[in-house]
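Visitor: Can you read through this structure? Questions will come right after.
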Amino acid sequence: MPNFDFLNGRQEFSLFAPSAVEAEKVFATSSAMCVIGCRKALELAVKWVYTVDNGIQAPYKD
């Protein structure tokens, strides 16, 4: 079972779950692509945190 597979079944994590799962899938074949995928997943996860937590404010707007 992949590490991030549990995220796929939860609607609240749908913003970054596919990116995390995809990054893990390519780890064995291409570490460079895995790093790029991890960065994408992390950026989406940080964006998700700012949208769900009303107690913090994003440092800038896109």
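Visitor: Work from the charge dipole of the chain (Cβ charges, +1 for Lys and Arg, -1 for Asp and Glu, about the Cα centre) and give the residue of G55, M1, M33 farthest towards its positive end.
Guide: Going by the Cα projections, it comes out as M33.
Visitor: Sticking with this one: Can you tally the net charge around V52? Count Lys and Arg as +1, Asp and Glu as -1, for every other residue whose Cβ sits under 14 Å from the Cβ of V52.
Guide: Here the count lands on 0.
Visitor: Which label marks the calculated value of Cα extents along the principal axes in Å, given the options [x] 39, 25, 13; [y] 58, 21, 19; [z] 88, 21, 16?
Guide: Checked against the structure: label [x].
Visitor: At 0.36 nm per residue, and after removing the present C-alpha to C-alpha distance, how many nm does the segment from I36 to D5 gain when stretched out fully? Walk me through the numbers on the way to the answer.
Guide: Numbers: separation 31, 0.36 × 31 = 11.16 nm, distance 1.88 nm.
Additional length available on full extension: 9.3 nm.
Visitor: Let me know the charge dipole size of the stretch 9-62 about its Cα centre in debye, to the nearest 20, where only the beta-carbon of Lys, Arg (+1) and Asp, Glu (-1) is charged.
Guide: Value, rounded to 20: 80 debye.
Any read-out appearing in this document is the output of simple, stated calculations on the displayed coordinates, not a laboratory observation. Keep in mind the model is a prediction, meaning the values are calculated, not measured. Don't worry about glycine lacking a Cβ; one is built from the backbone with ideal geometry, like all the others, and counts go over all protein chains shown.
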